[in-house]
1. Counting just the residues of the stretch 1-41 that are of a type in the set (S, T, Y) and at pLDDT 90 or above, which one comes out farthest from D78 (Cα to Cα)?
2. Take the residues in the stretch 51-84 that are surrounded by 14 or more Cβ atoms within 10 Å (Cβ to Cβ) and charged (D, E, K, R), then tell me which one is farthest from K29 (Cα to Cα).
3. Cβ contacts < 7 Å: first residue in contact (Cβ under 8 Å) with a residue 40 or more places away in the chain and assigned to a helix (DSSP H, G or I), restricted to the stretch 36-63; second residue surrounded by 14 or more Cβ atoms within 10 Å (Cβ to Cβ) and among the aliphatic types (A, V, I, L, M), any location; separation 6+ or different chain. Result?
Amino acid sequence: MEYISKGMGRPDEFHYEYDFDKYNEESFKVKKALSSLGLKESSSKEDIKKAYHNLAKKFHPDVSGHQEDFKKIKDAYDYLMSRG
């Protein structure tokens, strides 16, 4: 566990905090990708595939013209499926 010290350096002025950014970055990326697909954290790979295919049909640029939305969905799917 890492800590960040704050203060003038004297032991009685130290304030320790957990470095959440370092350890929660991966968790945040997963949550963001899942929410892009409308899923919860407990979703399986099969749920991810189904959600992606349904959203891809709806937001494909050739169908709806929503190229940015489709890219967001595709990036989320690729990220989640590459996690092993």
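1. From the stretch 1-41, those of a type in the set (S, T, Y) are 3, 5, 16, 18, 23, 27, 35-36; that's our starting set.
Next, only the ones that are at pLDDT 90 or above stay: 35-36.
Details: S35: 14, S36: 12 Å.
The selected residue is S35.
2. D69
3. Listed by first residue and then by second, the contacts come to S36/I73; S36/A76.
The values are calculated or read from the model by the stated rules, or taken from the named source; none is laboratory data. Bear in mind that the values here come from a model prediction, so they are computed numbers and not experimental data. Glycine also receives a Cβ, built like all others from the backbone with ideal geometry; neighbour counts cover every protein chain displayed.
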